[in-house]
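Below is one structure, written out as structure tokens, with a few remarks after it.
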Amino acid sequence: MELGFEVGANVPTAVVAVHLLGAAIFFGVAAVNATDGSIAGIAVNALIGVLLLVLGVAAARITARR
């Protein structure tokens, strides 16, 4: 799968890694909401996590161009 940047020890990969870490936090909160039975909490936190991942890839592609 082509992400639009080269994965390795470079700045774009670090940008994606930081966004992945932030997304993992929101996925963790969504898991806690799942144990509590909060459907809205699951949906909102999982959506924030997915959007952070997409934003991370987009930011990495922009960073790779510079």
Subject >> Candidate set from the stretch 1-26 (those that are farther than 12 Å from G56 by Cα and modelled with pLDDT of 90 or more); member that is surrounded by the most Cβ atoms within 10 Å (Cβ to Cβ) >> reply: F26
**OP:** Give the number of residues within the stretch 27-66 that are over 17 Å from P12 (Cα atoms) and either under 11 Å from the mean Cα position of the chain (by Cα) or surrounded by 15 or more Cβ atoms within 10 Å (Cβ to Cβ) (or both).
**Re:** 14
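Among A46, A40, A34, which is in contact with a Phe, Trp or Tyr (Cβ under 7 Å, 6 or more places away or on another chain), of a type outside the set (S, T, Y) and modelled with pLDDT of 90 or more? Working first, answer last.
Working: A40 fails: in contact with a Phe, Trp or Tyr (Cβ under 7 Å, 6 or more places away or on another chain); A34 fails: in contact with a Phe, Trp or Tyr (Cβ under 7 Å, 6 or more places away or on another chain).
On inspection, the qualifying residue turns out to be A46.
The values are calculated or read from the model by the stated rules, or taken from the named source; none is laboratory data. Only a predicted model underlies this, so the values are computations on that prediction, with no experimental measurement involved. Cβ coordinates were reconstructed from backbone atoms using ideal geometry, including for glycine residues, and neighbour counts include every protein chain displayed.
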